[in-house]
Amino acid sequence: MGCPARRHSVAFTLIELVVVVMILGILAAIAAPKLLRTSDAATDNGLRQTLGVVRTAIDTYSAQHQGGLPGADGNEATFQSDIQPYLRGAQFPTCPVGQAKNGNVRMMSGNGSITTGIGATEVTHSWVYQYEVGDFFVNSTDPTTDGSTTYDKF
């Protein structure tokens, strides 16, 4: 009399499943930061593009108005309505970085360096515009994805 035949299971054991899950977790931990940095780089590139569009709208407005700058009265609403015909969409561009992440523009007077006013109102305003000289910047001193540049340098 022989031993009764044992049935061999074709399923995975709990140990095998745990090992597979651990390997997948390690791979995800390696890949996730690279994917997130790619997303951050895309945000930075989009921000550069938005800045370029707004700065071109300011230049175009100035060229069509004998050198006059949009928002020359120092009013944010005037500035936005002045350059609206030169922008796509019904709303002023929203800034994707910084604390405020909105389309609000801090209007600054003077013809000195605009960088001294950047960051002072970053909780409420995403952009800074020096209406007497036409400089337009991001109102944030947060570091970019490269870690050494800040958004106000764009």
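The values are calculated or read from the model by the stated rules, or taken from the named source; none is laboratory data. Just so it is clear, the structure is predicted and the values come from calculations on it, not from any experiment. Cβ placement follows ideal geometry from the backbone for every residue including glycine, while neighbour counts extend to all protein chains displayed.
Quick notes
- Residue that is farthest from Ala42 (Cα to Cα) [pool: residues in segment 96-143 that are part of a loop (DSSP other than H, G, I, E, B) and in contact (Cβ under 8 Å) with a residue 60 or more places away in the chain]: Glu132
- Verdict on Gly147 being at pLDDT below 90, farther than 15 Å from Ala57 by Cβ and touching a Gly at 6+ places or on another chain (Cβ under 9 Å): no
- Selection status of Ala77, outside any loop (DSSP other than H, G, I, E, B), aliphatic (A, V, I, L, M) and surrounded by fewer than 17 Cβ atoms within 10 Å (Cβ to Cβ): yes
- Just so you know, in segment 71-113 the residues that are hydrophobic (A, V, I, L, M, F, W, C) and touching a Ser or Thr at 6+ places or on another chain (Cβ under 7 Å) include one that is farthest from Thr149 (Cα to Cα), and it is Ala100.
- Of the residues making up segment 144-154, those that are touching a residue at least 24 places away in the same chain (Cβ under 8 Å) and over 17 Å from Ser39 (Cα atoms) are Asp152, Phe154.
- Residue pairs whose Cβ atoms lie under 9 Å apart, separated by 6 or more positions or on different chains, with the first residue in segment 42-63 and at positive phi and surrounded by 14 or more Cβ atoms within 10 Å (Cβ to Cβ) and the second among the basic types (Lys, Arg) and modelled with pLDDT under 95, do not occur.
- Residues that are in a helix (DSSP H, G or I) and either at positive phi or among the β-branched types (Val, Ile, Thr) (or both) within segment 13-41 comprise Ile15, Val18, Val19, Val20, Val21, Ile23, Ile26, Ile30, Thr38, listed in sequence order.
- Filter result (at negative phi and either surrounded by fewer than 16 Cβ atoms within 10 Å (Cβ to Cβ) or among the β-branched types (Val, Ile, Thr) (or both)) within segment 85-97: Pro85, Arg88, Ala90, Gln91, Thr94, Pro96, Val97
- Residue in segment 81-96 that is closer than 26 Å to Lys153 by Cβ, of a type in the set (S, T, N, Q) and within 12 Å of the chain's Cα centre (by Cα) present: yes
- Selection over segment 107-121 of residues that are surrounded by 12 or more Cβ atoms within 10 Å (Cβ to Cβ), more than 14 Å from Gly134 (Cβ to Cβ) and either β-branched (Val, Ile, Thr) or modelled with pLDDT of 80 or more (or both) gives a count of 5.
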